[in-house]
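A.B. asks: The structure follows.
A short reminder: the numbers here are calculations on the coordinates, not readings from a lab. For clarity, every value in this text was computed on a predicted model and none was experimentally measured. Neighbour counts run over all protein chains shown; Cβ positions are idealised from the backbone, glycine included.
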Ligand code: GRG
């Protein structure tokens with residue numbers, strides 16, 4: 001499988017869909033709609049929606065079925081980045097190679113744009129085009145759990161409260177699995193639900209997602225020389241990420257050739273350099 005062209009094609013598909021789903025820039029009040037489009041449609045790997053689509057295909061579903069939910073995941077990811085960049089949090093001036101949302105549109109709009117992306121993602125998830133209503137409800141619950149106080153927000157809170165020192169192992173594990181891991185692993189579970197997964201398929205996909213979610217954060221720590229790397233060292237973190245990836249790929253056995261994309265994505269997440 002040619003991973004580069006696979007990723008490029010999927011990014012194109014997702015970017016086009018995001019452009020369609022997001023409110024038009026001119027719609028009143030235009031400032032917030034422009035800021036939403038600015039924050040979502042810039043550069044970005046689109047790894048969460050790509051994982052969701054691949055999981056949907058692994059369980060035998062069609063990509064079309066999972067596209068709105070996959071895009072909702074990217075809107076949620078964009079909200080987390082917009083809020084994380086705010087002066088009250090990481091205070092970052094640059095995101096994806098250009099001024100962060102609050103730098104371009106001001107702090108108040110930065111807060112509101114993150115809120116708007118999060119709110120709109122749930123509108124998209126609940127909308128009629130997104131599968132049958134029972135599945136939609138499950139998906140909404142799954143995402144809400146992944147990004148709430150037991151998921152991404154909980155991880156961010158503990159991260160902020162643990163300050164800039166070396167977080168102890170258990171705290172670090174908590175932060176990594178919640179702050180970043182939870183949305184990544186929810187992405188594959190949501191793709192599987194949208195694709196009509198059986199309970200066994202869902203379990204296997206969940207196991208893959210949990211491991212890949214952790215690897216994503218471990219690799220991020222390697223790239224930033226932060227977090228787990230400061231605590232355990234580069235070599236130990238690399239070995240842990242490799243072993244988790246092997247284990248994630250083993251969870252895909254039951255899908256045969258349909259699991260190839262997820263397998264390739266696990267290695268992409270392990271070896272990425274940005
Ligand atoms: C504000 C509720 C709230 C949560 C923020 C996700 C997060 C929690 C903060 C982002 C800070 C950060 C850089 C975390 C490291 C992992 C991460 C999410 C990296 C960025 O994701 P990529 O690599 O980015 O998928 P692109 O730009 O490719 O979409």
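A.B. asks: Counting only helical runs of four or more DSSP H residues, what would the 222 nm mean residue ellipticity of the chain come to if each run contributes -39,500 (n - 2.57) and the total is spread over all its residues?
C.D. replies: Rounded to the nearest 500, the figure is -23000 deg cm²/dmol.
A.B. asks: Given 0.36 nm per residue, what is the gain on full extension from residue 234 to residue 43 after removing their alpha carbon distance, in nm?
C.D. replies: 66.0 nm
A.B. asks: What ranking do 53-66, 9-22 get when scored by the average of other Cβ atoms within 10 Å per residue, highest first?
C.D. replies: Peptide ranking by packing, descending: 53-66, 9-22.
A.B. asks: Stretched out fully, how many nm does the piece from residue 260 to residue 126 gain, at 0.36 nm a residue minus the Cα gap?
C.D. replies: 45.2 nm
A.B. asks: Using r as the Cβ-Cβ distance of residue 111 and residue 253, and R0 as 41 Å, what FRET efficiency do you calculate, to the nearest 0.05?
C.D. replies: After rounding to 0.05, the efficiency reads 0.35.
A.B. asks: Related question: Looking at the chain as a GNM with Cα springs under 10 Å, which of 194, 89, 172 has the largest mean-square fluctuation?
C.D. replies: 89
A.B. asks: When only C-alpha pairs under 8 Å and at least 6 residues apart count, what is the relative contact order of the range 1-129, in percent?
C.D. replies: Value for the range 1-129: 25 percent.
A.B. asks: With the contact rule set at Cα under 8 Å and sequence spacing of 6 or more, what percent relative contact order holds for the chain?
C.D. replies: About 20 percent, as a whole number.
A.B. asks: Next question. What's the center-to-center distance, using Cα atoms, between the range 86-125 and the range 149-205 in Å?
C.D. replies: The range 86-125 and the range 149-205 have Cα centres separated by 21 Å.
A.B. asks: Something else now. Pulled fully out, how much extra length does the chain show between residue 198 and residue 273, if you take 0.36 nm times their separation in residues and subtract their Cα-Cα distance?
C.D. replies: So the extension gain works out to 23.5 nm.
A.B. asks: Determine, from the Cβ-Cβ distance of residue 133 and residue 26 and an R0 of 41 Å, the FRET efficiency 1/(1 + (r/R0)^6), rounded to the nearest 0.05.
C.D. replies: It comes out at approximately 0.80.
A.B. asks: Going by Cα centres, the range 15-42 and the range 211-264 are how many Å apart?
C.D. replies: 33
A.B. asks: Further question: With N set to the number of residues, divide the alpha-carbon radius of gyration of the chain by 2.2 N^0.38 Å and report two decimals.
C.D. replies: My calculation over the Cα atoms of the chain gives 0.97.
A.B. asks: Could I get the Rg over Rh figure for the range 184-274? Both from C-alpha atoms, Rh via Kirkwood, rounded to two places.
C.D. replies: Ratio of gyration radius to Kirkwood radius for the range 184-274: 1.02.
A.B. asks: Kindly state, as a whole number, the per residue volume in cubic angstrom of the convex hull around the alpha carbon atoms of the range 110-176.
C.D. replies: It is 92 Å³ per residue.
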